[in-house]
1. Identify all residues within the stretch B:55-97 that are charged (D, E, K, R) and surrounded by 12 or more Cβ atoms within 10 Å (Cβ to Cβ); write none if there are none.
2. Which of the residues spanning the stretch A:1-49 are surrounded by 17 or more Cβ atoms within 10 Å (Cβ to Cβ), over 24 Å from B:Gly111 (Cα atoms) and either more than 14 Å from every other protein chain (Cβ to nearest Cβ) or of a type in the set (Asp, Glu) (or both)?
3. Restricting attention to the stretch A:115-136, which residues are over 20 Å from A:Tyr69 (Cβ atoms), part of a loop (DSSP other than H, G, I, E, B) and within 14 Å of chain B (Cβ to nearest Cβ)?
4. Sort out which residues of the stretch B:70-109 are within 14 Å of chain A (Cβ to nearest Cβ), farther than 13 Å from B:Ala47 by Cα and under 15 Å from the mean Cα position of the chain (by Cα), and write them in order of number.
5. What residue, of B:Asn45, B:Asn101, B:Asn41, is modelled with pLDDT of 95 or more, on the phi > 0 side of the Ramachandran plot and buried (at least 16 other Cβ atoms within 10 Å of the Cβ)?
6. Considering only the stretch A:19-42, how many residues are in contact (Cβ under 8 Å) with a residue 12 or more places away in the chain, within 21 Å of B:Arg85 (Cβ to Cβ) and touching a helix residue (DSSP H, G or I) at 6+ places or on another chain (Cβ under 8 Å)?
7. Would you be able to say whether some residue in the stretch B:120-127 is over 17 Å from B:Thr4 (Cα atoms) and surrounded by 16 or more Cβ atoms within 10 Å (Cβ to Cβ)?
8. Considering only residues that are more than 16 Å from A:Tyr75 (Cα to Cα) and among the aliphatic types (A, V, I, L, M), which ones fall in the stretch A:85-115?
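The values are calculated or read from the model by the stated rules, or taken from the named source; none is laboratory data. If you're wondering where the values come from, they're calculated on a predicted model, not measured in any experiment. Cβ placement follows ideal geometry from the backbone for every residue including glycine, while neighbour counts extend to all protein chains displayed.
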Amino acid sequence: MSDGIKKFMFVNTKAPYGTVYALESLEVVLISAAFDQSVSLVFCDDGVFQIANNQNTDGSGMKNFSPAYKALGDYDINKLYVEKESLEERGLSLDNLMDLTYEDEDDDWAEKPSIILVSRAELADLMDEQDVVISS
Amino acid sequence: MKFTLLINEGPYQHQASDTAYQFAKAALEKGHEIYRVFFYNDGVNNATRLAIPPQDDRNITENWAALAKEHELDMVVCIAAAQRRGMLDADEAGRQGKDANNIHPAFRISGLGQLVEGGIQADRLLTFGD
């Protein structure tokens, strides 16, 4: 970290509403954006459900916080790694996930996808590159 | 080495806080530094001074408080997670118009920025939880 910037990776492994981990992890992620660090997110295991599209919590009385993921791009958080095997094991594909994008300031603000599909092995390598990994 | 510890689970229900405490003790004995201990999720419940565990069991909050006193540990409770769970210090209780407070004086309430800053300043950030 010669330039004083650390690589933070937030690993999300749990479904969004059964426990509070997903919501409170998102709160840390949004705060971390204010610290000018390199921030990425991982969605693996049941964590892939956190960014499933068409979430509806009307019947459960819980707050649907999924729209907040769409704001991540505005906070310069645009590396959202989704583990391929986790999707497949749950019968999901990219089509079942929200359309999460960011505007690339280095490319005339072109809208680009934030979701990066990675294999379990690639994810291990990515984790190895991090300075701080916070999982829940 | 300089460590920041993140504790995400409540006392007694889960071993996370005990393990973190044992780790902190061992690390300090070996001459390492604990930069900060940050309590998040249900981990904020470790800061209550009102718990009354059975006399033949450990008192997790008092253990942390004693270790903090001995080594001047910075123990921080996340304010957002604490408010959600009814964990208040006297200042916060006054501000929110509540009739009681429960945070042990060895802990201080602050924001999530303290966790991120702890990750930046420490050589290692260790998470204790599920």
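1. Of the stretch B:55-97, the ones charged (D, E, K, R) are B:56-58, B:62, B:69-70, B:72, B:74, B:84-85, B:89, B:91-92, B:95.
B:Arg58, B:Glu62, B:Asp74, B:Arg84, B:Arg85, B:Asp89, B:Glu92, listed by residue number.
2. Correct list: A:Phe43, A:Cys44, A:Asp45, A:Asp46, A:Val48, A:Phe49.
3. Initial filter on the stretch A:115-136 (over 20 Å from A:Tyr69 (Cβ atoms)): A:119-122, A:124-125, A:127-132.
Remaining after also requiring part of a loop (DSSP other than H, G, I, E, B): A:119, A:129-131.
Listed by number, the residues that qualify are A:Gln130, A:Asp131.
4. Hit for the stretch B:70-109 is B:Ala80, nothing else.
5. B:Asn41
6. 7
7. So in the stretch B:120-127, the residues over 17 Å from B:Thr4 (Cα atoms) come out as none.
Within the stretch B:120-127, none of the residues are over 17 Å from B:Thr4 (Cα atoms) and surrounded by 16 or more Cβ atoms within 10 Å (Cβ to Cβ).
8. A:Leu87, A:Leu92, A:Leu94, A:Leu97, A:Met98
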